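The values are calculated or read from the model by the stated rules, or taken from the named source; none is laboratory data. Since the structure is predicted, the reported quantities are computational estimates derived from the model, not experimental observations. As a convention, Cβ positions derive from the backbone with ideal geometry for all residues, glycine included, and neighbour counts pool all protein chains shown. In case anyone asks, the SASA skips ligands and DNA or RNA and just uses the protein heavy atoms, side chains included. Shrake-Rupley method; radii C 1.70, N 1.55, O 1.52, S 1.80 Å.
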Amino acid sequence: MSTSRRTVLAAGAAAGLAATVLGTTTAHAAAPRHSPSKKHFGTLADGTVVDVWTVGNGGIRLQVLSYGGIIHSLEVPDAEGRLANIALGFDNLADYVAKSPYFGGLIGRYGNRIAAGRFTLDGHTYQLPLNDGANSLHGGTRGFDKQMWHVEPLTRGSDTGLVLTRTSPDGEMGYPGTLKVQVTYTLTARGAWRIDYEATTDRPTVVNLTSHTYFNLAGEGSGSVYDHTLELAASRYTPIDAGLIPTGELARVAGTPFDFRCAKPVGRDIREGDQQLVRAKGFDHNWVLDKGISSAPRYALTLAEPTSGRVMRMYTTEPGLQFYSGNFLDATLVGTSGHIYRQGDALCLEAQHFPDSPNHPAFPSTVLRPGTTYRTSTVHSFSTR
Ligand code: GLA
């Protein structure tokens, strides 16, 4: 990327942040803050009670399950101030347990795939459960999205939110080290949803936490997202092999369907006869964010839906962004509002480190060692146009 292009992107990002903050301040100024409250959502087969927590601030309302730290719903106003739930999910616990394709899940210990479910760290080889063909996906057969979390309400200044904690025992899903995890979901008075992830370990391990929310800015169950426009501040992406594992190459997006540097409809190039799109049945790739790893969240993308006017911008400390265009939704699931979810009815934007990093020494490291703290943050800011 040329220096001038970089400058334009950086300036655009700064301007975008200012516009969002101003826009949402006006739109949401009168919206009250709701202290977090909880209700019974369901009961697991072993008798464990699952709560649904509700938090509101800045005109946004978030519902989170104590099972899987799942984002059960995310209500955001459109240009006329009408709220809609923009996150796919189910209206009952049994479906989340039995058939969820990670709807809203808090993903750990490792977001996306690890090839052959195997990696070597400090001379030890670890074998993880294979739950995606020959590979391990999203932390294995019982990842963090299928575990119970301890949830505490949080109120700090004008922010409100939830603190989720869990200790993952040494060896859980094959991963070494007792991992103490804290994930904070915060809603700000200006209509932003922020996620802060923290973890410590007592043995060297690998960690890559993310959130697997399926977004449809026109509203969950309202149809395809192919008309949403997406701008991704990434000039490269990581091509995949037939098992959807990165080959290790950082390929340029220029001249390919993967070029979202200028906003374009999600569906515009999705049917191009490109081998990468054939393999994933659409987009299911990691983009290499131009900003790289940052200590504070920096601009990554803008998603916009023309009819409702809803706009979501994401800022992250992470170096990668997995954009998945809902390729495996196949009309077999009935969602929260009673509608069938078909292919392309939502998309996931998972800020994270690159897939299979433990097997790619050239990728940014996902190794966590005792005495250090894993810290990443991602912000979703909402506005309308
Ligand atoms: C991620 C993966 C996809 C798919 C979805 C869930 O985005 O990259 O391949 O597994 O999760 O179906």
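About its Cα centre, what dipole magnitude does region 115-263 give when the only charges are +1 on Lys and Arg Cβ and -1 on Asp and Glu Cβ, stated in debye to the nearest 20?
140
Between ALA242, ALA98, ALA300, which gets the highest mean-square fluctuation from a Gaussian network model of the chain, Cα cutoff 10 Å?
The residue that fluctuates most here is ALA98.
For the chain, set up a GNM with springs between Cα atoms under 10 Å and report which of HIS212, HIS228, HIS124 has the largest fluctuation.
The residue with the greatest mean-square fluctuation here is HIS124.
For region 11-384, calculate the relative contact order in percent as a whole number, restricting contacts to Cα pairs under 8 Å that are 6 or more residues apart.
After rounding, I find 18 percent.
Can you send over the carbon and sulfur percentage of the accessible area for the chain, probe radius 1.4 Å, protein chains only?
Ligands and nucleic acids excluded, carbon and sulfur give 52 percent.
Under 15 Å from the Cβ of LEU333, count the other residues' Cβ atoms, weight Lys and Arg +1, Asp and Glu -1, and hand me the total.
Neighbour charge sum, excluding LEU333 itself: -3.
In the chain, if the dipole is taken from +1 on Lys/Arg beta carbons and -1 on Asp/Glu beta carbons about the Cα centre, which of LEU244, ASN286, GLY56 is farthest to the positive end?
So the residue furthest toward the plus end is GLY56.
Going 7 Å from the Cα of THR167 in the Cα-to-Cβ direction, what parts of region 133-154 have a backbone nitrogen less than 16 Å from that spot?
Label zone hits: 148-151.
If you place +1 on the Cβ of every Lys and Arg, -1 on the Cβ of every Asp and Glu, and leave all else neutral, what size is the dipole of region 106-175 about its Cα centre, to the nearest 20 Debye?
Using Cβ point charges on Lys, Arg, Asp and Glu, region 106-175 gives about 120 debye.
Any idea of the accessible area per residue across the chain, 1.4 Å probe, to the nearest Å²?
Solvent-accessible surface per residue comes out at 39 Å².
If I model a spin label at SER365 and ARG385 as a point 7 Å from the Cα along the Cα→Cβ vector, what separation in nanometres do I get?
4.0
Could you derive backbone 3J(HN,Hα) for region 142-155 from the dihedral phi with the Karplus parameters 6.51, -1.76 and 1.60 (θ = phi - 60°), listing whole Hz in sequence and x where the residue is Gly or Pro?
Taking θ as phi minus 60°, the curve returns 10, x, 4, 6, 10, 10, 7, 10, 7, 10, 10, x, 9, 9 Hz for region 142-155.
Please state the charge dipole magnitude for the chain, taken about the Cα centre, from unit charges on C-beta atoms (+1 on K and R, -1 on D and E), reported in debye and rounded to the nearest 20.
720
Mind checking which of ARG142, ARG342, ARG82 has the largest fluctuation in a GNM of the chain, springs on alpha carbons under 10 Å?
ARG82
How many angstrom lie between the Cα centre of region 354-384 and the Cα centre of region 256-280?
Here the answer is 25 Å between Cα centres.
Per DSSP helix of 4 or more residues, -39500 (n - 2.57); summed, then divided by the residues of the chain. What does that give at 222 nm, rounded to the nearest 500?
Helices in the chain give a 222 nm mean residue ellipticity of -3000 deg cm²/dmol.
Quickly work out the LYS264-to-ASP202 label distance, labels modelled 7 Å from Cα along the C-beta direction, and quote it in nm with one decimal.
So the label points at ASP202 and LYS264 sit 5.2 nm apart.
Using the Cα gyration tensor of region 11-384, with a ≥ b ≥ c the square roots of its eigenvalues, what is the shape: rounded (a/c below 1.5), prolate (a/b larger than b/c) or oblate (neither)?
Here region 11-384 falls in the rounded category.
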